[in-house]
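**Q** Please see the structure below; I have some questions.
The values are calculated or read from the model by the stated rules, or taken from the named source; none is laboratory data. None of the values given here were measured: they were computed from a predicted structure. So basically every Cβ, Gly included, is an ideal-geometry build from the backbone, and we count neighbours across all protein chains shown.
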Amino acid sequence: MKHMKFPALLLLAAFLFTGCAFPSASSAPESRSATVFAMDTVMQLTVYGTPSSGSDEALLDEASSLIASLESAFSVTDPESEISAVNRAGKGAVGPDTEALLLAALDLSKRTGGALDCTVYPVVRAWGFTTGTYRVPSREELDLLCSLVDWTAVRISDGTVTLGESQMIDPGAVAKGYAGDKVLRLFRENGITSALVNLGGNVQALGAKPDGSPWRIAVADPRGNGYAGILEAADRAVVTSGGYERYFEENGTVYRHIIDPADGMPVDNGLSSVTVIGERGILCDALSTALFVMGEEKAAQFWKQSDDFEAVLLTDDGRILVTEGIADVYTPCGSWENAPLTVIRHD
Ligand code: AMP
Ligand code: MG
């Protein structure tokens with residue numbers, strides 16, 4: 001059995017490729033970076049200029065601690081986490097971050113017609129995607145586990161989360177987006193106007209580059225050859241979901257870590273990756289996962305009915321689809337440079 005996790009090195013490279021972490025011009029404001037390993041991935045945080053009080057180093061330490069505390073509340077693999085306690089007991093008191101995260105996730109489950117559904121966790125676990133002990137569950141087992149998948153059965157009120165009978169939740173599809181939003185808020189509150197964070201492929205930019213030009217954010221090549229394209233953006237989250245990030249292969253079939261809650265199967269609908277660009281990390285994180293589940297046509301329809309995000313879809317057969325709002329600022333590169341490109345437009 002072959003299995004793979006998206007190599008951390010490539011994530012680091014993707015960050016450096018932005019060419020903005022270490023400005024060379026001597027007049028550019030100083031930058032300081034921190035590397036954090038959290039939420040099962042490598043994270044890079046870079047701030048430019050100095051905070052309104054205290055040092056940039058202290059601010060990065062605070063951001064790292066913030067991420068660590070969010071991870072210890074949200075993790076499904078840490079038995080001490082708030083989420084694990086809720087999963088064990090079916091009910092539990094949670095802190096304001098877990099409550100806000102789950103409320104946002106439920107809202108986005110509703111909006112995406114259940115394509116995003118954190119109650120899919122028993123299915124994800126059965127496939128071994130949380131532990132790395134991969135296996136192919138039987139159809140009977142999946143049918144049984146799918147009967148537990150229903151975000152509408154989750155109740156949240158006054159800091160208490162109540163799950164439906166035998167349900168379990170995994171906020172992994174939205175946790176990094178939530179963390180990115182909180183880190184950028186912390187930077188903003190401390191007077192930082194230019195910063196870039198890369199939380200394991202979730203890139204979130206505060207403001208523009210110090211010289212006022214947009215960041216150049218790389219979209220990973222789902223075939224593993226560096227980059228598929230470069231997006232110019234300021235004040236945006238750029239979040240990619242792709243089957244290539246975590247998968248295993250058994251008897252010639254590739255099983256990817258994003259599950260269709262409708263049948264419990266790993267998504268295999270012709271999409272290689274979905275990148276969502278918008279103002280909020282949590283929205284982009286939720287929608288990149290959900291649009292990946294929806295597939296090309298439904299995802300395009302969903303975008304047409306929305307006004308708060310843009311997207312880049314890369315297909316297994318080598319096509320690029322970009323939504324109208326970013327068509328001018330997305331440049332394919334590498335082996336995608338001459339790939340057929342379709343602009344999805346509002347009808
Ligand atoms: P992301 O990398 O943000 O697309 O999130 C994928 C992770 O979320 C997976 O590794 C699973 O732990 C979990 N997951 C898989 N499928 C879904 C789904 N349809 N809805 C919510 N979470 C999911
Ligand atoms: Mg996601």
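**Q** Do you know which residues across region 149-177 are within 16 Å of ligand 2 (Cβ to nearest atom) and either part of a loop (DSSP other than H, G, I, E, B) or of a type in the set (Lys, Arg) (or both)? Spell out how you get there, then give the answer.
**A** As a first pass, look at region 149-177 and keep what is within 16 Å of ligand 2 (Cβ to nearest atom): 151, 169-177.
The answer is 169, 170, 174, 176.
**Q** To continue, here is another question. Among the residues of region 178-201, which ones are part of a strand (DSSP E or B) and over 18 Å from the mean Cα position of the chain (by Cα)? Before the answer, list the steps.
**A** Of the residues in region 178-201, the ones part of a strand (DSSP E or B) are 195-199.
195, the sole residue that qualifies.
**Q** Of everything in region 297-344, what is part of a helix (DSSP H, G or I) and among the aromatic types (Phe, Trp, Tyr)? Give them in sequence order. Steps first, please.
**A** Residues of region 297-344 part of a helix (DSSP H, G or I): 297-304, 324-326, 334-336.
Of everything in region 297-344, those that are part of a helix (DSSP H, G or I) and among the aromatic types (Phe, Trp, Tyr) turn out to be 302, 303, 336.
**Q** Given the conditions (1) of a type outside the set (Gly, Ala, Ser); (2) outside any strand (DSSP E or B); (3) within 25 Å of residue 333 (Cα to Cα), which single one is not true for residue 293?
**A** Condition not satisfied by residue 293: (3).
**Q** Can you find, within region 270-303, the residue that is surrounded by the most Cβ atoms within 10 Å (Cβ to Cβ) among those that are among the hydroxyl-bearing types (Ser, Thr, Tyr) and near ligand 1 (Cβ under 10 Å from one of its atoms)?
**A** The selected residue is 288.
**Q** Being surrounded by 13 or more Cβ atoms within 10 Å (Cβ to Cβ), of a type outside the set (Asp, Glu), modelled with pLDDT under 95 and closer than 26 Å to residue 226 by Cβ: is that true of residue 31 here?
**A** Details: surrounded by 13 or more Cβ atoms within 10 Å (Cβ to Cβ): yes; of a type outside the set (Asp, Glu): yes; modelled with pLDDT under 95: yes; closer than 26 Å to residue 226 by Cβ: yes.
Against the criterion (surrounded by 13 or more Cβ atoms within 10 Å (Cβ to Cβ), of a type outside the set (Asp, Glu), modelled with pLDDT under 95 and closer than 26 Å to residue 226 by Cβ), residue 31 qualifies.
**Q** Go through region 124-141 and give me each residue that's buried (at least 23 other Cβ atoms within 10 Å of the Cβ) and away from ligand 2 (no atom under 16 Å from the Cβ).
**A** The answer is 127, and nothing else.
**Q** Looking at (1) out of contact with any Asp or Glu (no Cβ under 7 Å at 6 or more places or on another chain); (2) closer than 28 Å to residue 321 by Cβ, which one does residue 177 not meet, given that it meets all the others?
**A** All conditions are met except number (1).
**Q** Hey, another quick one. Tell me yes or no: at least one residue of region 99-119 is in contact with a strand residue (DSSP E or B) (Cβ under 7 Å, 6 or more places away or on another chain) and either acidic (Asp, Glu) or modelled with pLDDT under 95 (or both).
**A** yes
**Q** Restricting attention to region 226-243, does a residue exist that is closer than 30 Å to residue 138 by Cβ and at pLDDT below 95? Break it down into steps so the answer makes sense when it comes.
**A** Going residue by residue through region 226-243, those that are closer than 30 Å to residue 138 by Cβ are 241-243.
Subset that is at pLDDT below 95: 242-243.
Within region 226-243 (the criterion being closer than 30 Å to residue 138 by Cβ and at pLDDT below 95), the answer is yes, since at least one residue qualifies.
**Q** Hey, another quick one. Applying the selection to region 282-302, what residues are within 13 Å of ligand 2 (Cβ to nearest atom), among the polar types (S, T, N, Q) and more than 9 Å from the chain's Cα centre (by Cα)?
**A** Listed by number, the list is empty, since nothing qualifies.
**Q** Go through region 265-281 and report how many residues are assigned to a strand (DSSP E or B) and within 12 Å of ligand 2 (Cβ to nearest atom). Can you show your working first?
**A** Within region 265-281, the subset assigned to a strand (DSSP E or B) is 265-266, 271-278.
Going one step further and asking which of them are within 12 Å of ligand 2 (Cβ to nearest atom), we end up with 273-276.
So the answer is 4.
**Q** Take residues that are out of contact with any Asp or Glu (no Cβ under 8 Å at 6 or more places or on another chain) and over 18 Å from residue 199 (Cα atoms) and tell me which of the strands (runs of 3 or more DSSP E) falling wholly in region 213-264 contain 1 or more.
**A** 227-233, 246-250, 253-256
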